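Worksheet: the structure to be examined is printed underneath.
The values are calculated or read from the model by the stated rules, or taken from the named source; none is laboratory data. Quick caveat: nothing in here was measured; it's all calculated off a predicted structure. Cβ placement follows ideal geometry from the backbone for every residue including glycine, while neighbour counts extend to all protein chains displayed. When the accessible area is computed, the model is the full protein with side chains, heavy atoms only, and any ligands, DNA or RNA have been set aside. Shrake-Rupley method; radii C 1.70, N 1.55, O 1.52, S 1.80 Å.
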Amino acid sequence: MSLRDVGRAVVAAILLALLITACGGGGGGGTTFTLTGVITPEALNRADSDTNDPETHPVRNNDPDTAQAVVAPAIIGGFVAAPGTESRFGPDGDASDVYEVQLEAGQHVVLEYPDVAGVDLHLYLLDESQAAIDASLLPTESPVGPSARHSVVAAEEGRYFAEVRADSGLTNYTLRLDSTLSLTLEAERGPRVSDEFVAGEIIVRTDPALDQMVTLAAEGLGMRAVAGHAAREQLWRMPEGQAAQIPEVLSAWRPAARDRLRWASPDLRERYETLLAVKALRKRPEVATASPNFIVQPQRLPDDPLQDLQWFHPNVALPEAWDISTGRAPDAEIIVAVIDTGVFLAHEDLGGQLVSGYDFIADPAVARDGDGIDPNPDDPGDSSQPGQSSWHGTHVTGIVGAATDNETGVAGVSWGVKIMPLRTLGAGGGTLYDTLQGVRYAAGLQNDSGTVPERRADVINLSLGGGSFAQDQADLYQTIRDLGIFIIAASGNSGGSVGFPAAYPAVFAVGATDAVQQRAPYSSFGSQLDFVAPGGDTRVDRTGDGFGDGILSTLVDDSSGTRRSSYALLQGTSMATAVASGLVMLTEETPSLSGRPGVQKYSSSPSSSG
């Protein structure tokens, strides 16, 4: 019985007693009734076995060996106190509470506590062997209400240990073992150790007036700025082997029971230490923001090259739209910046469609065959694996604006658009820092190239995703949006919540539909999603043409070791984003998504087609 049901029963009993008393009146003293019973809390509710209640006998649950067993789903009320705080546990405190639980794949563990000064909690997830596999150290930067929130997710079904740890202060908390995935929670969460980011690298924005203070403190440990400028974001790198000492020196931070924590792999420990350094930097007054250098990935799902089957054109009413505007001069000449893997500049169906771009990949290990940051955005592919390169940027570029009405290849959505190719992704993806430099360049803002385009882009296409919320990035995208530039990004291919950068308020998030205009099964959705457009589903052939329903566009065939123009069907929210970017251009006025043929306003139902 729920608390609501219990409450109704109690009210009914009281009313019944009053009614009986009234009926037995007649001028006498009436009859007195006594109502007895036990009101039990909701069955899902649990309590920490060693709370701060002096009337209870604490049962220790401070480590995995003494973990308190709970059954998910559950809501646990608890209390932790860091060493040196005043509680009934004395000066040693009650720094950790550990819970043993069986979780299904995708189940959340969510920690919430009052967001007050001096209180700092961490949330850890340990596997069955008691090795740490994930942690949330930085509460969400966009909290709902006056509470801080951490969350971790079980990657697969199994037995886990969830640990709540107080690194400073003392507080009550609520730990939820959720049974379902919360799209809002995923969209608003802070970074986790399990996220993909470059260990030892941090994107830092400092107060220019105080920049020298943090620079000296960091350089004392060998930590240094390897890119950027004090007037904007910088890329900081920690010295190998010294990451563990940096947070201690920067903020005199020492975690409770640190020696007990054993990570499942060296890579996870390095990412954990990176997040500790991020946390320490955020606490310094001269640091405005600090975040991990996330890995961003193209948001497409690969398939094999096929032939010219652009079923999605009639789905978005392109023939009718082209009767009104083709996007070709004198209608308009619009520049779309495609921030991606670069473009095969010699492709037969992209001639005359490109303006000057840039290659922002600074790390040779990521660039592979690239030469590092320079004005050449040509996609060299990966010569070490012929036939395995994604050519993602070339495919996206062709969807937006392949040369059209030229008796060659495919038709771009917008015939006359100009593409500004910006290379920030290489073999295996790219970094958030390099991507931000490409975004800045496209908008005509200061960036690591030391230059800006002759004319900034009207639309920025981001068919990529990765990372979590960071306020400085939200501010950057808002600044660009205020310049009148449209930023259009892929919602993601997880089938879950909208990812970043698409989830930022100033960015238009685009999901994918299939050939019958239903939500593609991989397409991420939720309240942050703005529009849907064709992204394809190569698993099925609903068009009846004998091929999977992918999005056909320009690609490269390098199977012989030499790059040659080709075409292929791919699927993903990357493709949907490119369709939306092209459709924005089919106007003689200010670029707009409103009323564009085929770009449908999203409704909240997961099965919605528009």
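Data overview
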item: Residue identified as within 20 Å of SER291 (Cβ to Cβ) and either at pLDDT 85 or above or touching a Phe, Trp or Tyr at 6+ places or on another chain (Cβ under 9 Å) (or both) among GLU112, GLU128, GLU141; result: GLU141
item: Residue within the stretch 509-524 that is open to solvent by less than 10 Å² (accessible area, probe 1.4 Å), under 23 Å from VAL343 (Cβ atoms) and at pLDDT 90 or above present; result: yes
item: Restricting the stretch 78-136 to residues that are farther than 19 Å from VAL153 by Cβ and of a type in the set (Val, Ile, Thr), the residue that is least open to solvent (accessible area, probe 1.4 Å); result: VAL80
item: Which listed residue is over 18 Å from THR341 (Cα atoms), modelled with pLDDT of 75 or more and of a type outside the set (Gly, Ala, Ser), from VAL498, VAL599; result: VAL498
item: Conditions (1) in a loop (DSSP other than H, G, I, E, B); (2) among the polar types (S, T, N, Q); (3) open to solvent by 10 Å² or more (accessible area, probe 1.4 Å): number failed by THR479; result: (1)
item: Count - residues of the stretch 482-504 that are aromatic (Phe, Trp, Tyr) and open to solvent by 10 Å² or more (accessible area, probe 1.4 Å); result: 2
item: Residue list for the stretch 238-273, filter: surrounded by 17 or more Cβ atoms within 10 Å (Cβ to Cβ), at pLDDT 85 or above and of a type outside the set (A, V, I, L, M); result: TRP263, ARG269, GLU270, ARG271, TYR272, GLU273
item: GLY467 in contact with a helix residue (DSSP H, G or I) (Cβ under 9 Å, 6 or more places away or on another chain), under 11 Å from VAL296 (Cβ atoms), in a loop (DSSP other than H, G, I, E, B) and not aliphatic (A, V, I, L, M); result: yes
item: Test: residue in the stretch 533-549 that is touching a helix residue (DSSP H, G or I) at 6+ places or on another chain (Cβ under 7 Å), in contact (Cβ under 8 Å) with a residue 12 or more places away in the chain, assigned to a loop (DSSP other than H, G, I, E, B) and within 23 Å of ILE460 (Cα to Cα); result: yes
item: Within the stretch 361-407, tally of residues that are at pLDDT below 80 and not in a loop (DSSP other than H, G, I, E, B); result: 4
item: Residue check, SER468 open to solvent by less than 10 Å² (accessible area, probe 1.4 Å) and modelled with pLDDT under 95; result: yes
item: Filter pass, VAL556 being surrounded by fewer than 17 Cβ atoms within 10 Å (Cβ to Cβ) and either under 26 Å from GLN353 (Cβ atoms) or modelled with pLDDT under 85 (or both); result: no
item: Looking only at the stretch 433-442, and only at residues there that are in contact with a Phe, Trp or Tyr (Cβ under 9 Å, 6 or more places away or on another chain) and open to solvent by 10 Å² or more (accessible area, probe 1.4 Å), the one that is modelled with the lowest pLDDT; result: ASP434
item: Every residue from the stretch 414-430 that is modelled with pLDDT of 80 or more, open to solvent by less than 10 Å² (accessible area, probe 1.4 Å) and either charged (D, E, K, R) or outside any strand (DSSP E or B) (or both); result: VAL417, ARG423, THR424
item: Meets criteria (touching a residue at least 40 places away in the same chain (Cβ under 8 Å), surrounded by fewer than 21 Cβ atoms within 10 Å (Cβ to Cβ) and part of a strand (DSSP E or B)) for ARG159; result: yes
item: Positions within the stretch 456-485 being in contact with a strand residue (DSSP E or B) (Cβ under 7 Å, 6 or more places away or on another chain) and aromatic (Phe, Trp, Tyr), in sequence order; result: TYR477
item: Where a residue in the stretch 260-275 is within 16 Å of SER136 (Cα to Cα) and its partner, wherever it lies, is of a type in the set (Val, Ile, Thr), with Cβ under 7 Å and at least six apart; result: ALA264/ILE133; LEU268/ILE133; LEU268/VAL193; ARG271/VAL193; TYR272/VAL193; THR274/ILE202; LEU275/VAL193
item: Which listed residue, of ARG176, ARG192, ARG165, ARG205, is modelled with pLDDT of 90 or more and open to solvent by 40 Å² or more (accessible area, probe 1.4 Å); result: ARG176
